[in-house]
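Peer 1: Here it is, the structure in full.
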Amino acid sequence: MAGNISAPGQARWSSKAAFVLAATGSAVGLGNLWRFPTEAGSNGGGAFVLLYILCVVLIAMPLLLAESLIGRHGQRSTIASAAYLARQSGASPAWSVLAVVGLIANTAILTFYCVVAGWVVYFIGTSAADVVSAVSAGTPMAGAYAGDSVETIQQLMPDLFANPVLLIGLQLAFVAVTVWIVARGVKGGIEAAATWLMPAFFFLLIGITVYAAITGDFAAALTYLFTPDFSRALQPGVLSSALGQAFFSLSLGGGAMIAYGAYASRDTNLGQTSGMIAFADTSVAIIAGLAIFPIVFSVGMEPNAGPTLMFQTLPAAFHSMPGGAIVGLLFFVLAFFAALTSSVSLLEISVGWVTEKFGASRVKASIGIGVLVFLVGLVSALSFNVLADQRPLAFVQGFETATWFDAIDGVTGRLLLPLSGLVTAIFIGWVADRKLVDAETGLKGGGLAAWRFLIRFLCPLAVTAILIIGLFPQLLG
Ligand code: TRP
């Protein structure tokens, strides 16, 4: 059973736990470590966090169950699985458009995801060099970047941005590793990474959070993250960012969970596993926030620093930490694997479809799509230097100041993922055969009734409302 997981109807995760771990591996990634703190900081903190949690519980979690059941029922690529359930329900296979939108969104997300993951690779490099010099100086337990000031450490990101060739090289390296793993068939490698490295990462992150809480300004971080300013909660951008983040972080609205559900065995209770995955993912995001924001306030940064936030705060914590050089290296290595278990799921969607549809080999499909992802990703890498002044969506309200990077991130997260989720909710709640669907959920009684209510009424209405408000912010005045 080792090797290729993409053969429909045959391959399975080796156990129930392996499915949960692999899906959690897809969910937990840069979305939690990097995007959640960035978005929380750009949207005023508490109000965003509250809306985000509401979106996860009321919208994303029910959709996670919907996506994984489409996959497990279909046992095919994401588009074919959706079409299969539609046909079995006597509906048009055109409902599989939900997975088409998702496939486009996921591939687009992967283009900038690899750029950010490249920054992680960069910090693995600088941290490794740092450990080597600490060890050769006879002080292996030194803090990270021991000879440098915090200002110098925070300058690492701007310096990296000023070097497009290096930035692109790092991006390419990460694309290549992702392609390599998907080309070999993701099962073996991903299961191992998800089983051993993700739990290790979780405990390391908790340790770093405790350290940040003790040495940083924990009180300010708590106030910032958990005291909602309700006047901000009603700003349209905040609401659509919170929904987008819920989709992004749980790998929803694209088919990743359809794809992984397809490898879940029949005795997996998808209702239960959806709850576990959502809980684990949200916990990691909050814990990452609690590691990063105390440092933001203690080193006097602005919470709305944008995409560099994580990379300018955590190294400062490692700097003051005893043994920080080694802890920092370990952190970035494990963050790399967290990103990899996510990027693999992003690439798997289109590779699964191309192999099934065109009979291409996995190797060819992975390399071909990988090249495309790398090329399109160049505009994101160059958004921090050569193309920094371009505003591709200047004519769209809410995107006036967006660079290419922001535009691809924003359009996928705030528009395409929720759109795919909306079609999924209508399809599963109203169109698909109710008996088939209910049997797949593993839910009974009140749980099933609650899920049915959310997927039929709340998800479609709330996502539609948020999409409309996001597109036409003037409606809120
Ligand atoms: N959820 C991942 C993260 O938080 C990113 C990701 C993986 C993703 N697969 C996805 C996002 C599918 C949207 C759709 O890093």
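Peer 1: Report those helices (runs of 4 or more DSSP H) wholly inside segment 376-444 carrying at least 2 residues which are open to solvent by less than 30 Å² (accessible area, probe 1.4 Å), within 30 Å of residue 472 (Cβ to Cβ) and at pLDDT 95 or above. Let's see the steps before the verdict.
Peer 2: On the way: elements: 404-411, 417-426, 434-441.
It comes to 404-411, 417-426.
For every residue, the table says whether it meets (1) within 16 Å of the ligand (Cβ to nearest atom); (2) without any contact (Cβ under 8 Å) to a residue 24 or more places away in the chain; (3) closer than 24 Å to residue 31 by Cα; (4) of a type in the set (Gly, Ala, Ser).
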{"residue": "307", "(1), (2), (3), (4)": "yes, no, yes, no"}
{"residue": "323", "(1), (2), (3), (4)": "no, no, no, yes"}
{"residue": "351", "(1), (2), (3), (4)": "yes, no, yes, no"}
{"residue": "355", "(1), (2), (3), (4)": "no, no, no, no"}
{"residue": "384", "(1), (2), (3), (4)": "no, no, yes, no"}
{"residue": "402", "(1), (2), (3), (4)": "no, yes, yes, yes"}
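Peer 1: Return the pair list, or none, for Cβ contacts closer than 6 Å from residues in segment 95-107 that are open to solvent by 10 Å² or more (accessible area, probe 1.4 Å) to residues that are within 10 Å of the ligand (Cβ to nearest atom), at least 6 apart or on different chains.
Peer 2: 101/416; 101/420; 103/349
Peer 1: Inspect segment 240-254 for any residue being touching a residue at least 40 places away in the same chain (Cβ under 8 Å) and more than 15 Å from the ligand (Cβ to nearest atom) and give the result as yes or no. Lay out the reasoning, then the answer.
Peer 2: Taking segment 240-254 first, the residues touching a residue at least 40 places away in the same chain (Cβ under 8 Å) are 240-254.
Next cut, more than 15 Å from the ligand (Cβ to nearest atom) only: 240.
Yes - at least one qualifying residue is present in segment 240-254.
Peer 1: Follow-up. Assess whether residue 359 counts as being on the phi > 0 side of the Ramachandran plot, away from the ligand (no atom under 16 Å from the Cβ) and either surrounded by fewer than 17 Cβ atoms within 10 Å (Cβ to Cβ) or of a type in the set (Val, Ile, Thr) (or both).
Peer 2: Values: on the phi > 0 side of the Ramachandran plot: yes; away from the ligand (no atom under 16 Å from the Cβ): yes; either surrounded by fewer than 17 Cβ atoms within 10 Å (Cβ to Cβ) or of a type in the set (Val, Ile, Thr) (or both): yes.
It is true that residue 359 is on the phi > 0 side of the Ramachandran plot, away from the ligand (no atom under 16 Å from the Cβ) and either surrounded by fewer than 17 Cβ atoms within 10 Å (Cβ to Cβ) or of a type in the set (Val, Ile, Thr) (or both).
Peer 1: Would you mind finding the one in 259, 212, 291, 278 that is over 22 Å from the mean Cα position of the chain (by Cα) and crowded, with 20+ Cβ neighbours inside 10 Å? Reasoning before the result, please.
Peer 2: Numbers: 259 fails: over 22 Å from the mean Cα position of the chain (by Cα); 291 fails: over 22 Å from the mean Cα position of the chain (by Cα); 278 fails: over 22 Å from the mean Cα position of the chain (by Cα).
Testing whether each residue is over 22 Å from the mean Cα position of the chain (by Cα) and crowded, with 20+ Cβ neighbours inside 10 Å leaves just 212.
Peer 1: Now for a separate question. Go through segment 117-152 residue by residue and tally those that are touching a residue at least 60 places away in the same chain (Cβ under 8 Å), open to solvent by 50 Å² or more (accessible area, probe 1.4 Å) and hydrophobic (A, V, I, L, M, F, W, C). Before the answer, list the steps.
Peer 2: Filtering segment 117-152 down to residues touching a residue at least 60 places away in the same chain (Cβ under 8 Å) leaves 117-121, 123-124, 127-128, 130-131, 134, 140-146, 148, 150.
Imposing the further condition that a residue be open to solvent by 50 Å² or more (accessible area, probe 1.4 Å) reduces the set to 140-141, 146, 148.
Cutting the leftovers down to hydrophobic (A, V, I, L, M, F, W, C) gives us 141, 146.
Final tally of qualifying residues: 2.
Peer 1: Does residue 70 qualify as being more than 17 Å from the chain's Cα centre (by Cα) and modelled with pLDDT of 95 or more? Give the derivation first.
Peer 2: Details: more than 17 Å from the chain's Cα centre (by Cα): yes; modelled with pLDDT of 95 or more: yes.
In short, yes.
Peer 1: Run down 65, 33, 21, 54 and say which single residue is more than 14 Å from the ligand (Cβ to nearest atom) and either outside any helix (DSSP H, G or I) or under 28 Å from residue 228 (Cα atoms) (or both).
Peer 2: Working: 65 fails: either outside any helix (DSSP H, G or I) or under 28 Å from residue 228 (Cα atoms) (or both); 33 fails: more than 14 Å from the ligand (Cβ to nearest atom); 21 fails: either outside any helix (DSSP H, G or I) or under 28 Å from residue 228 (Cα atoms) (or both).
Selected residue: 54, the only one of 65, 33, 21, 54 that is more than 14 Å from the ligand (Cβ to nearest atom) and either outside any helix (DSSP H, G or I) or under 28 Å from residue 228 (Cα atoms) (or both).
Peer 1: On to the next question. So, in segment 68-94, of the ones that are in a helix (DSSP H, G or I) and open to solvent by 60 Å² or more (accessible area, probe 1.4 Å), which residue ends up nearest to residue 16 (Cα to Cα)? Quick ask: steps written out before the conclusion?
Peer 2: Looking only at segment 68-94, we keep the residues that are in a helix (DSSP H, G or I), and these are 68-74, 78-88, 93-94.
Now narrow it down to the ones that are open to solvent by 60 Å² or more (accessible area, probe 1.4 Å): 84, 87-88, 94.
Details: 84: 24, 87: 28, 88: 26, 94: 31 Å.
Per the stated criteria, the residue is 84.
The values are calculated or read from the model by the stated rules, or taken from the named source; none is laboratory data. Computed from a predicted structure; not experimentally measured. Virtual Cβ from ideal backbone geometry, glycine too; neighbours counted across all protein chains shown. These accessible areas exclude ligands, DNA and RNA; they are computed on the full protein's heavy atoms, side chains included. Shrake-Rupley method; radii C 1.70, N 1.55, O 1.52, S 1.80 Å.
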